[in-house]
Amino acid sequence: MFTNKTSDGRNNICGKNVAKFRKGMGISQRELSDKLQLAGLDVDKNAVQRMESGQRFITDIEIIYLAKALGVTLGELFETEK
């Protein structure tokens, strides 16, 4: 049977890294959503919170904007802990 969730039930695999990089920058979820909105991506603080917690799917377009806003590569967003 096909599943579109991670083994721990999350709807995305990069949300944890979004949170890690955002916290590393010392900015809030609202500040990240503001950066994304200024770049042209319409997301609010609640969407960022749902992305980071794994409650929300993240589109490929959003991942590109997130990488740019966080100053990381796409690969870094998809890295998993081993």
With a cap of 14 neighbouring Cβ atoms within 10 Å, and only residues DSSP puts in a loop, list the chymotrypsin sites (Phe, Trp or Tyr not before Pro) found in the chain.
F2, F57
Separation of the K23 and K5 label points, Cα + 7 Å toward Cβ, nm:
2.3 nm
Taking θ as phi - 60°, what are the ³J(HN,Hα) couplings along the stretch 23-32 by the Karplus curve (6.51, -1.76, 1.60), each to the nearest whole Hz, with x for Gly and Pro?
5, x, 7, x, 10, 7, 4, 5, 5, 5
In the stretch 19-82, if the dipole is taken from +1 on Lys/Arg beta carbons and -1 on Asp/Glu beta carbons about the Cα centre, which of M25, Q37, L66 is farthest to the positive end?
M25
For the stretch 63-80, Karplus-derived ³J(HN,Hα) couplings (6.51, -1.76, 1.60; θ = phi - 60°; whole Hz; x for glycine and proline) come out as 5, 4, 5, 4, 4, 5, 5, 8, x, 10, 7, 4, x, 5, 5, 9, 5, 10
Please give the per residue volume of the convex hull enclosing the alpha carbon atoms of the chain, rounded to a whole number of Å³.
95 Å³
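Read the figures in this text as sums done on the coordinates, not as results from a lab. The shown structure was predicted, so the numbers you read here are calculated from the model rather than taken from an experiment. All Cβ positions, glycine included, derive from the backbone under ideal geometry; neighbour counts span all protein chains shown.
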